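Undergrad: Below: one structure in structure tokens.
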Amino acid sequence: MQKIFKKKILLVGMPDMALVCMAKMVAENVNIVACVPPQKTHNTYRLFCNFAKNLDLPVISYENSLTDKDFLSKIKALDADLAVVCSYGKLFPKEFLEVTKDGFVNVHPSLLPKYRGGNPYSHVIINGEKETGVTLHFMDEHFDTGDIIAQEKIAITDKDTMGTIFNRLNYLGADMLMDLLTKYENGETLPRTKQPEGNFIKAPAINPESSFVIINWNQKAEVIERFIRGLNPFINAGTRYRQNYLKIHTATVENRDSGFPSGTIVGTDGDLAVACKKSILHIKVLQAGSYFIGQSADFIRLSNCRVGERLE
């Protein structure tokens with residue numbers, strides 16, 4: 001028998017996590033009274049709205065901020081019991097956090113209090129973490145600091161990328177959210193555990209156009225390889241070669257000192273081998289501008305790459 005939910009749920013979010021959770025909630029017959037998309041100027045606004053409308057869900061948008069009077073009036077009129085938040089890049093003001101009876105629950109893709117911020121997916125790989133997970137927590141007026149309801153862990157493998165972690169945590173988050181909503185519907189009291197105070201590692205959003213994404217070749221190859229996986233496929237690590245910008249998609253590590261300065265091409269036989277700190281990185285797949293994406297062997301042939309040239 002299908003579950004029939006009576007509790008009125010407000011959904012706030014941005015793609016892709018919000019879409020995964022939205023679809024799961026609709027499939028389980030959660031009573032979603034409205035969906036709040038990102039601001040109209042956000043590049044995912046139309047995607048969110050179209051997805052919700054295709055599921056016959058009402059959408060309530062705001063023009064300038066979450067405190068717009070007309071917007072708040074419409075949300076308050078819903079008399080929602082609980083709000084769930086799935087990926088949202090804004091702090092919620094007190095006026096908005098008070099529009100539901102039992103508060104706001106956020107689905108955060110890390111094991112809080114570690115990796116608060118907009119991009120835990122990349123940073124856990126870049127930093128060499130062995131595990132990550134999803135935290136469900138009540139929201140306050142700060143980013144990712146509210147009381148914890150539940151956490152689940154997953155292992156990070158040496159093959160995981162930003163993309164694979166992103167997908168795994170989105171679906172794990174949707175499953176955890178449904179478990180929480182079922183308990184809430186059945187009248188169970190949701191647990192609350194305060195987060196510890198202290199300076200914990202952060203996970204800020206990464207601007208694909210910033211210097212952060214440029215590879216520092218004066219590091220061990222294993223560190224650079226994690227960096228590449230941590231930005232693949234949504235952001236991409238990059239380097240400069242012959243005044244052109246290359247995006248590096250996949251690579252492997254050879255733990256051998258080439259004797260060349262870091263960033264020097266030390267091999268072109270089969271793939272592009274680059275000297276790193278006491279090691280070598282073998283670039284397997286790369287992208288050059290809009291004219292080439294593919295195996296480095298093909299790039300070597302087309303560009304006539306030579307040993308001794310530098311990547312910067």
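The values are calculated or read from the model by the stated rules, or taken from the named source; none is laboratory data. Remember, it's a predicted structure, so these values are computed and weren't measured experimentally. Note: ideal-geometry Cβ built from the backbone for every residue, glycine included; neighbour counts use all protein chains shown. Protein only, heavy atoms only, side chains kept; ligands, DNA and RNA dropped before computing areas. Shrake-Rupley method; radii C 1.70, N 1.55, O 1.52, S 1.80 Å.
Undergrad: Out of the total accessible area of the stretch 164-236 (probe 1.4 Å, heavy atoms of protein only), what percent is carbon and sulfur? Can you show the working numbers first?
TA: On the way: 2010 of 4050 Å².
Answer for the stretch 164-236: carbon and sulfur cover 50 percent of the accessible area.
Undergrad: A further question on this structure: Relative to the longest principal axis of the chain, what angle (0 to 90°, nearest 10) does the C-alpha long axis of helix 45-54 take?
TA: That works out to roughly 50 degrees.
Undergrad: Check each of the trypsin sites (Lys or Arg not before Pro) in the stretch 83-159 and keep only those in coil by DSSP with at most 12 other C-beta atoms within 10 angstrom; list them in order.
TA: Numbers: sites: Lys90, Lys94, Lys101, Lys114, Arg116, Lys130, Lys153, Lys159; in loops: Lys90, Lys101, Lys114, Lys130, Lys159.
Here the sparse-neighbourhood loop sites are Lys101, Lys130, Lys159.
Undergrad: Just to be sure I understand the model, the point goes 7 Å from the Cα along the line to the Cβ. What's the resulting Asp179 to Ile293 distance in nm?
TA: Here the modelled spin labels are 3.6 nm apart.
Undergrad: Over all alpha-carbon pairs of the stretch 94-230, lay out the pair-distance distribution in 10 Å bins, whole %, shortest bin first.
TA: Computed distribution, short to long bins: 11, 38, 31, 15, 4, 1.
Undergrad: Heavy atoms only, probe 1.4 angstrom, no DNA, RNA or ligands counted: give me Glu225, Glu152 ranked by accessible area, highest first. If you can, show how the numbers build up before the last one.
TA: Numbers: Glu225 30, Glu152 90 Å².
Reading off the accessible areas and sorting them downward yields Glu152, Glu225.
Undergrad: Please calculate the 1.4 Å probe accessible area of Arg310, with all protein chains present, and give it to the nearest 10 Å².
TA: 110 Å²
Undergrad: Before I look further, what does the stretch 167-312 give for accessible area per residue, probe 1.4 Å, in whole square angstrom?
TA: Values: 7950 Å² over 146 residues.
Each residue of the stretch 167-312 exposes 54 Å² on average to a 1.4 Å probe.
Undergrad: If eta is 1.567 mPa s and T is 4 °C, what Stokes-Einstein diffusion coefficient results for the chain, Kirkwood Rh from Cα pairs, in µm²/s? Intermediate values should be presented prior to the final figure.
TA: On the way: Rh = 21.4 Å.
In µm²/s, the coefficient rounds to 60.
Undergrad: Now for a different question. Ranked from the most accessible area to the least, with a 1.4 Å probe and all protein chains present, what is the order of Phe292, Phe212?
TA: On the way: Phe292 25, Phe212 90 Å².
If we order Phe292, Phe212 from most to least accessible, we get Phe212, Phe292.
Undergrad: May I ask you to list the aspartates and glutamates whose Cα is less than 19 Å away from that of Lys94, ignoring any residue fewer than eight positions away on the same chain?
TA: Straight-distance partners of Lys94: Glu63, Asp68, Asp70, Asp79, Asp81, Asp102, Asp140, Glu141, Asp144, Asp147.
Undergrad: Then there's this: Taking the chain as the reference, fit the longest principal axis to its C-alpha atoms, fit the long axis of helix 221-231 to the helix C-alpha atoms, and give the angle between the two in degrees, 0 to 90, nearest 10.
TA: Its long axis makes an angle of about 40 degrees.
Undergrad: If I fit a long axis through the Cα atoms of helix 17-27 and take the longest principal axis of the Cα atoms of the chain, what angle between them do I get, 0 to 90°, rounded to 10?
TA: On a 0 to 90 degree scale, this one is about 50.
Undergrad: Would you list, by chain and number, the lysines whose Cα falls below 27 Å from the Cα of Lys277, excluding same-chain residues fewer than 8 positions away?
TA: Straight-line reach from Lys277, under 27 Å: Lys130, Lys159, Lys202, Lys220, Lys247.
Undergrad: Between Thr41 and Val307, what FRET efficiency follows from the Cβ-Cβ distance if R0 is 45 Å, with the result rounded to 0.05?
TA: On the way: r = 49 Å, r/R0 = 1.08.
The calculated FRET efficiency here is 0.40.
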